[in-house]
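The values are calculated or read from the model by the stated rules, or taken from the named source; none is laboratory data. Treat the numbers as computed from the prediction; the structure is a model and nothing was measured. We place every Cβ from the backbone using ideal geometry, glycine too, and count neighbours over all the protein chains shown.
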Amino acid sequence: MLDTESLDFRASARRCGIALCFVVLFTGCKRSTNDRPVGRVLTIEVPLGLPAVPIPANNPPTADSIDLGRRLFYDTALSRDHSMSCASCHNPRLGFTDGLQVAHGVGGSRGTRNAPTLINSAYLPLQFWDGRSASLEDQAANPIANPLEMNQSHQISLAKLAENPTYPSLFFKAFGSRDINLNRVEKALASFERTILSGNSPFDRYQFGGDKGALTASQVRGLQIFLDPNKGNCGACHTVNRTDALFTDGKFHNTGEGAGDEGEFADVGRFGETKTSADMGAFKTPTLRNVANTAPYMHDGSLKTLKDVVDFYAGGGNSNTYLDKQIRVIQLTGQDRADLVEFLKSLSGEMPRNVGDPGKAVNRSSQ
Ligand code: HEC
Ligand code: HEC
């Protein structure tokens, strides 16, 4: 059964961080140990080209917590009218995006930003285009209550899960008791998301696997342009390391995307969080993995194709007062641009088999 204590957990967990916890919130602290996944801790296997997945100390992944998170991710019960799940906007068939310019929530309400891919989001130091969430755990419950997304209060969402015939036993398996609270929902979703990894692409096999035949001649030229500081200079932000490549520095930059004629921004991006003028119009560098499958592009979804993106950069982004110093007009021939686009297509890698809709797999076998 639900109780208000479990709903209040998050606030209490924060306060538990300070010594006051002994006096004020002894029960809340006890719960925090109870919300640790039980059972054997899994090592998340990473494909060629990715570093080890960072794991928070209080949420070690287990087979049961990942399974629970996967089920929650695809469950429309978390939306007000049962019309949407996380996967409605982060669809595995569209590289964990929705193919739309900006996200559409319950009842067709429109958000203002493009749904980013969740591929390799496990590695991001901050979540969201403006970095307003510090971890996958911290992010996970936001879309449920967001009126422009799933539009259902956390309290009702938890009550629905508690009434479901199978969830209490799944929470028992994952966390050692049948309690269903927001902290557990967030942890399970985050652990599942940490398994949404893509690597071992033609690029990885060429760059890290020693397979010099994995890329076409055009893609090899595109890679050189991508990394060359005097040509594409893309690697300045879409990072490629010696032994792995996330194609993002996890930082925020102003590329001029979304700048108006007067240099003003409809969406101030990172500035909204930091209020630092250097962050005006700056957005998180997105990963480029599986990017051929995640159109349209940019925080506002305004660029439709990879060619549009390359042309945007060739023109030096959009000039404005806050433009990142790494963005400048670059000289790229038609061939260079075509090579860059071909290279970006080589970043489509293998996805794990067990990140799709678990319900669909059951339906198919019963048909
Ligand atoms: C209505 C569409 C929609 C739904 C439903 C939705 N999301 Fe999102 N998601 C978005 C959009 C749009 C953003 C970017 C918002 C922003 O940056 O301000 C986002 C961002 C994220 C991010 C940050 C990724 C990054 O690169 O910064 C994560 C993680 C995420 N969503 C997970 C989830 C989970 C888990 C659920 C289900 C509980 C969910 N989303 C449901 C549209 C959606
Ligand atoms: C100064 C850092 C920086 C440099 C240099 C840079 N990018 Fe980006 N890139 C970003 C940021 C930040 C965004 C998101 C901008 C936004 O949405 O407003 C982005 C977005 C993209 C996207 C869209 C991805 C998506 O999922 O929406 C692609 C594709 C891309 N960049 C490719 C490139 C290529 C190719 C180059 C080199 C020609 C390059 N970038 C150079 C920082 C950079």
Do any helices (runs of 4 or more DSSP H) entirely within segment 131-220 hold 2 or more residues that are away from ligand 2 (no atom under 16 Å from the Cβ), more than 21 Å from PRO51 (Cα to Cα) and out of contact with any His (no Cβ under 9 Å at 6 or more places or on another chain), and if so, which? 136-140, 142-145, 154-163, 167-175, 182-193
Assess whether LYS251 counts as being within 13 Å of ligand 1 (Cβ to nearest atom), surrounded by fewer than 18 Cβ atoms within 10 Å (Cβ to Cβ) and within 23 Å of PHE96 (Cβ to Cβ). yes
What's the number of the only condition in (1) among the basic types (Lys, Arg); (2) on the phi < 0 side of the Ramachandran plot; (3) more than 16 Å from ligand 1 (Cβ to nearest atom) that LYS275 fails to meet? (2)
Answer with yes or no whether THR62 is buried (at least 17 other Cβ atoms within 10 Å of the Cβ) and within 16 Å of ligand 2 (Cβ to nearest atom). no
Which numbered condition in (1) at pLDDT 90 or above; (2) more than 16 Å from ligand 1 (Cβ to nearest atom); (3) acidic (Asp, Glu) is the only one that ASP357 fails? (2)
I need the full set of residues from segment 298-312 which are within 13 Å of ligand 1 (Cβ to nearest atom) and more than 18 Å from ALA236 (Cβ to Cβ), in order please. HIS299, ASP300, GLY301
Buried (at least 16 other Cβ atoms within 10 Å of the Cβ) and at positive phi, is that true of ASN151? yes
Residue pairs, Cβ under 9 Å, 6 or more apart or interchain, first in segment 126-144 and outside the structural domain of MET298 (by TED's automatic domain parsing) and without any contact (Cβ under 8 Å) to a residue 12 or more places away in the chain, second of a type in the set (Val, Ile, Thr) and outside any loop (DSSP other than H, G, I, E, B). List them. none
Taking segment 76-97 and keeping residues farther than 16 Å from ASN151 by Cβ and either in the same structural domain as LEU288 (by TED's automatic domain parsing) or in a loop (DSSP other than H, G, I, E, B) (or both) leaves HIS90, GLY95, PHE96
Please verify whether segment 179-193 includes one or more residues that are on the phi > 0 side of the Ramachandran plot, outside the structural domain of THR287 (by TED's automatic domain parsing), surrounded by fewer than 23 Cβ atoms within 10 Å (Cβ to Cβ) and over 14 Å from the mean Cα position of the chain (by Cα). no
Can you tell me which residue is farthest from ASP279 (Cα to Cα) among those in segment 114-130 that are more than 6 Å from ligand 1 (Cβ to nearest atom) and part of a helix (DSSP H, G or I)? ALA122
Only helices (runs of 4 or more DSSP H) wholly contained in segment 237-354 count here; list those with 2 or more residues that are near ligand 2 (Cβ under 10 Å from one of its atoms) and either modelled with pLDDT of 95 or more or within 23 Å of THR117 (Cβ to Cβ) (or both). 306-314, 334-345
Which members of segment 135-144 meet the condition of being closer than 22 Å to ASP300 by Cα and either polar (S, T, N, Q) or more than 7 Å from ligand 1 (Cβ to nearest atom) (or both)? GLN139, ASN142
